[in-house]
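Chemist: Take this structure first; my questions come after.
The values are calculated or read from the model by the stated rules, or taken from the named source; none is laboratory data. For clarity, every value in this text was computed on a predicted model and none was experimentally measured. Counting neighbours? That spans all protein chains shown, and the Cβs are built from the backbone with ideal geometry, glycine included.
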Amino acid sequence: MTLNLTEIAELRLRAFVQSANQVPDVPAKSVRVAVMDGGCSGYQYGLDITIPQPDDVLVEQGKLKVYLDRQSAPLLEGVVIDYVEGLTQSGFKFVNPNATETCGCGQSFKAGDCSPTGVPCS
């Protein structure tokens, strides 16, 4: 399984994980990536700092452990996660080689004939 983080994305995510794990006596949280039905193209990305699920796929990136939802893993193969900063928009950006179509918002994608029906961006 290949998922790549740019250096800045790894740095940002490590900071989020470190902050989330400051609470004593709470199970350790990690980065979890998933794909869900939704968005204007059919699928949307989920990026969360949470407790990994037992069947998640572990991918290590530098000093960071990233867990992938097992069902989402095929749609995340080869994805690059970047962090971009701009005047009008900042955040994590997904570059997905499996996407056959993406939405203008950059948060959803279609993957061939297997994508569910999308809904317009709001």
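Chemist: Can you pull out the residues in the range 62-81 that are in contact (Cβ under 8 Å) with a residue 40 or more places away in the chain and touching a strand residue (DSSP E or B) at 6+ places or on another chain (Cβ under 9 Å)? Don't jump to the end; show me each part of the working.
Modeler: Step one: of the range 62-81, the residues in contact (Cβ under 8 Å) with a residue 40 or more places away in the chain are 62-64, 66, 68, 73, 75-81.
Scanning the range 62-81 gives GLY62, LEU64, VAL66, LEU68, ALA73, LEU75, LEU76, GLU77, GLY78, VAL79, VAL80, ILE81.
Chemist: Here are THR88, THR6: which of them is buried (at least 16 other Cβ atoms within 10 Å of the Cβ), of a type in the set (S, T, N, Q) and more than 18 Å from ALA111 (Cα to Cα)? Write out each step before concluding.
Modeler: On the way: THR88 fails: buried (at least 16 other Cβ atoms within 10 Å of the Cβ).
None of the others qualify; the one that does is THR6.
Chemist: Residues of the range 77-92 being over 12 Å from ALA34 (Cα atoms) and at pLDDT 90 or above, which ones? Quick ask: steps written out before the conclusion?
Modeler: Filtering the range 77-92 down to residues over 12 Å from ALA34 (Cα atoms) leaves 78, 80-92.
Passing the criteria: GLY78, VAL80, ILE81, ASP82, TYR83, VAL84, GLU85, GLY91, PHE92.
Residues checked against (1) β-branched (Val, Ile, Thr); (2) part of a helix (DSSP H, G or I); (3) more than 23 Å from THR102 (Cβ to Cβ); (4) modelled with pLDDT of 95 or more:
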residue	(1), (2), (3), (4)
ALA9	no, yes, no, yes
ALA15	no, yes, yes, yes
GLN22	no, no, yes, no
ILE49	yes, no, yes, yes
ASP55	no, no, yes, yes
GLU60	no, no, yes, no
TYR67	no, no, yes, yes
ARG70	no, no, yes, no
LEU75	no, yes, no, no
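Chemist: Shifting gears a bit: Of a type in the set (Lys, Arg), at pLDDT 85 or above and touching a strand residue (DSSP E or B) at 6+ places or on another chain (Cβ under 7 Å), is that true of LYS110?
Modeler: Numbers: of a type in the set (Lys, Arg): yes; at pLDDT 85 or above: no; touching a strand residue (DSSP E or B) at 6+ places or on another chain (Cβ under 7 Å): yes.
Spelling it out, it is not the case that LYS110 is of a type in the set (Lys, Arg), at pLDDT 85 or above and touching a strand residue (DSSP E or B) at 6+ places or on another chain (Cβ under 7 Å).
Conditions (1) in contact (Cβ under 8 Å) with a residue 40 or more places away in the chain; (2) among the aliphatic types (A, V, I, L, M); (3) crowded, with 19+ Cβ neighbours inside 10 Å, marked per residue:
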residue	(1), (2), (3)
ASP37	yes, no, no
GLY42	yes, no, yes
LEU47	yes, yes, no
GLU60	no, no, no
TYR83	yes, no, no
